[in-house]
Every structure is written in structure tokens, then in C-alpha cells.
Amino acid sequence: MKNNKPVKLDELVSEIELQIDDTFTFINIKTGEVITLMREEIGAAEDEKPLEKFPEWQRENIEKAIMIFEDEDEEYVDFTLRNDFNEYETMEEFIGTLKDQNVREELYEAIQGRGAFRRFKDGIVENDVDKQWYKYKESKIRKLVIEWCKEQGIEIQE
């Protein structure tokens, strides 16, 4: 599948970084547009509910959802990759890259049990490795997106 217009890599990376439940992302491979829809908007398109029943701000997305469902030309590709990026696993990998053994031990301990993400975020700030973490995380996501786009035959714009 060859697209006419490249998709912006930063847009796709942002979609994965946000990881909002009940949202689904599609790429229009002809235009390069990245479309994020809420479960409710997709449901409205599937159930063919009248647009008038929805607020003005939501109608445009429902119309896009309808276009995606009626897509006979296969212009839209599902880019809902939230399950392909495991942030917890990435945190563990990141901790393993840190040189300071005390920081590594503290962060490994922080990610055990409930509240792991909050404790991890606090710990990286306290240990002044937060910028390293965000750079590491973004690089992992970029790699995932680039590989996925390559597999799909989708051209990306850096």
C-alpha cells in the first residue's frame, strides 16, 4: 500500500504517548491525516444515529467515523497501537540503563505494586533523571511507530 502523502511522525508518537482509553486512531493514507475518535463517536457511526442528537463539536468526528466505516477504497488504516507499547516494560528497561546503582535500586523498588507509575515519576524527578526518561521513552515510541509504518507501507515525515 503506497500512500500519497507522508504521515507526520511526531503526530503518531504523540498519539501513543497520550494513550487515552476509549479512543481509536486512524490514518488516512491518501492525505496523511491522523484522526482520533472516541468510542462514542464510533458507536454513533456504527449505529447510524442521527447527527442532530450530538453536540456540534462532535458531529465532524462522527462524520469521519462514518467515512472510515464506509471506506471501500481502503484509505484508512487503524493506528490504535496502545497495546503494542508497554510503558511498564519500558520503565524497567530504562532503569536498567542507569549508571548509578542506588538510583536503579530505588526506582526498581518504586515500580513494584500499586501506584508504580506515580512513584516512578516522583523518583525520576527526585533523582534528576526525568529528562533522560522522557528522551528514552520517546525514542522507544519513535522506533515502534517507524517499524509499524514500514510494515504497513506508510511513508512517514520526520
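Some points to look at:
- Only listed residue being outside the structural domain of VAL34 (by TED's automatic domain parsing) and either hydroxyl-bearing (Ser, Thr, Tyr) or touching a His at 6+ places or on another chain (Cβ under 8 Å) (or both), chosen from TYR76, TYR136: TYR136
- Qualifying residue in the stretch 16-26 (condition: under 20 Å from CYS149 (Cα atoms) and assigned to a loop (DSSP other than H, G, I, E, B)): yes
- Any pair with Cβ under 7 angstrom, 6 or more apart, that starts in the stretch 9-20 at a residue that is surrounded by fewer than 14 Cβ atoms within 10 Å (Cβ to Cβ) and ends at one that is part of a helix (DSSP H, G or I) and modelled with pLDDT under 85: GLN19/ARG82
- When the residues of the stretch 37-69 are filtered to those that are of a type in the set (Asp, Glu) and out of contact with any helix residue (DSSP H, G or I) (no Cβ under 9 Å at 6 or more places or on another chain), the one that is surrounded by the most Cβ atoms within 10 Å (Cβ to Cβ) is GLU60.
- Listed here are the helices (runs of 4 or more DSSP H) enclosed by the stretch 62-158 that have at least 1 residues being in contact (Cβ under 8 Å) with a residue 60 or more places away in the chain: 87-97, 130-152.
- Some residue of the stretch 72-84 being among the hydroxyl-bearing types (Ser, Thr, Tyr) and either under 30 Å from ASP128 (Cβ atoms) or in contact with a Leu (Cβ under 7 Å, 6 or more places away or on another chain) (or both): no
The values are calculated or read from the model by the stated rules, or taken from the named source; none is laboratory data. Remember, it's a predicted structure, so these values are computed and weren't measured experimentally. With ideal geometry, Cβ positions are generated from the backbone for all residues, glycine too; neighbour counts draw on all protein chains shown.
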